[in-house]
Amino acid sequence: TRMISQAELESVVRDIIGVAAAADLDPTHISDDEDEQSENSFLPRSYDIDRLHADDARDKVFVAILKALAARRNKPSSPRELATCIMKHEFTLLG
């Protein structure tokens, strides 16, 4: 297995934070649900993603799941909803 460099780790963290910031700025732009803006009253928040372990950052699917959760503003989601979000926004290729 290949180790991830500190620069790559920081890049992954910045990318996830960018997805979360985009969702907070314009929830309708990145959300999957038409009615999500009215049903999701979560306030913008900072994510404690700076502690992402290098082994986790190396896993493209795990990072895509984190991005999908950030894009959905951490709304409880089924695996199907997360997969749809990952494919729609091309966070990574799935199966």
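Data for the structure
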item	result
Candidate set: the stretch 46-95, residues that are open to solvent by 80 Å² or more (accessible area, probe 1.4 Å) and touching a residue at least 24 places away in the same chain (Cβ under 8 Å); chosen: the one farthest from Ile17 (Cα to Cα)	Lys88
Residues located in the stretch 16-30, provided they are in contact with a helix residue (DSSP H, G or I) (Cβ under 7 Å, 6 or more places away or on another chain) and either open to solvent by less than 70 Å² (accessible area, probe 1.4 Å) or at pLDDT 85 or above (or both)	Ile16, Val19, Ala20, Ala22, Ala23, Pro27, Ile30
Qualifying positions in the stretch 61-82 - within 11 Å of the chain's Cα centre (by Cα) and part of a loop (DSSP other than H, G, I, E, B)	Arg72, Arg73, Asn74
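The values are calculated or read from the model by the stated rules, or taken from the named source; none is laboratory data. Please read all numbers here as calculations on a predicted model, not as lab measurements. Because the Cβ atoms are built from the backbone with ideal geometry, glycine has one as well, and the counts that use them run over all protein chains shown. Only protein heavy atoms, including side chains, enter the accessible area calculation; ligands, DNA and RNA are left aside. Shrake-Rupley method; radii C 1.70, N 1.55, O 1.52, S 1.80 Å.
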